[in-house]
1. Might you let me know whether the stretch 104-122 holds any residue that is modelled with pLDDT of 95 or more, out of contact with any helix residue (DSSP H, G or I) (no Cβ under 9 Å at 6 or more places or on another chain), surrounded by fewer than 17 Cβ atoms within 10 Å (Cβ to Cβ) and in a loop (DSSP other than H, G, I, E, B)?
2. Quick one: what pairs do we get from the stretch 65-87, first residue free of Cβ contacts under 8 Å to residues at least 40 places away in the same chain, second surrounded by 15 or more Cβ atoms within 10 Å (Cβ to Cβ) and part of a strand (DSSP E or B), C-beta under 8 Å, 6+ apart or different chains?
């Protein structure tokens, strides 16, 4: 099966709800173009949406960057979500189920970590947050 060519890096500047939708759609399309299953396409779109939504809810602006990656055996999607905002004072607490500084259920960050294969979070209070995720395609 022939797949569409994929731009090396795709980026969405995020400030508003519509930007979250665009980032989600771009992630789903990239996953589809790379041959991910429909279930994994949905998981990738959900992870991107959760992280981009945090930019809108907690920061002034940010970006979602995504690109295909490969290693000696596998193909995946690498996503970096960065924001300019207050940052996270206590990452350990933020990664606990049920923790929320807003009026949400507190499932975003820990839920996202559960549905991807690699998850890294870096935060500098007063400067922002950078979250890197990777989802590998199952063979």
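The values are calculated or read from the model by the stated rules, or taken from the named source; none is laboratory data. The model shown is predicted, which means the values in this text are computed figures rather than measured ones. Quick reminder, even Gly has a Cβ in these numbers, built from the backbone with ideal geometry, and neighbours come from all protein chains shown.
1. Yes: the stretch 104-122 contains one or more residues that are modelled with pLDDT of 95 or more, out of contact with any helix residue (DSSP H, G or I) (no Cβ under 9 Å at 6 or more places or on another chain), surrounded by fewer than 17 Cβ atoms within 10 Å (Cβ to Cβ) and in a loop (DSSP other than H, G, I, E, B).
2. If the second residue must be surrounded by 15 or more Cβ atoms within 10 Å (Cβ to Cβ) and part of a strand (DSSP E or B), the pairs left are 70/76.
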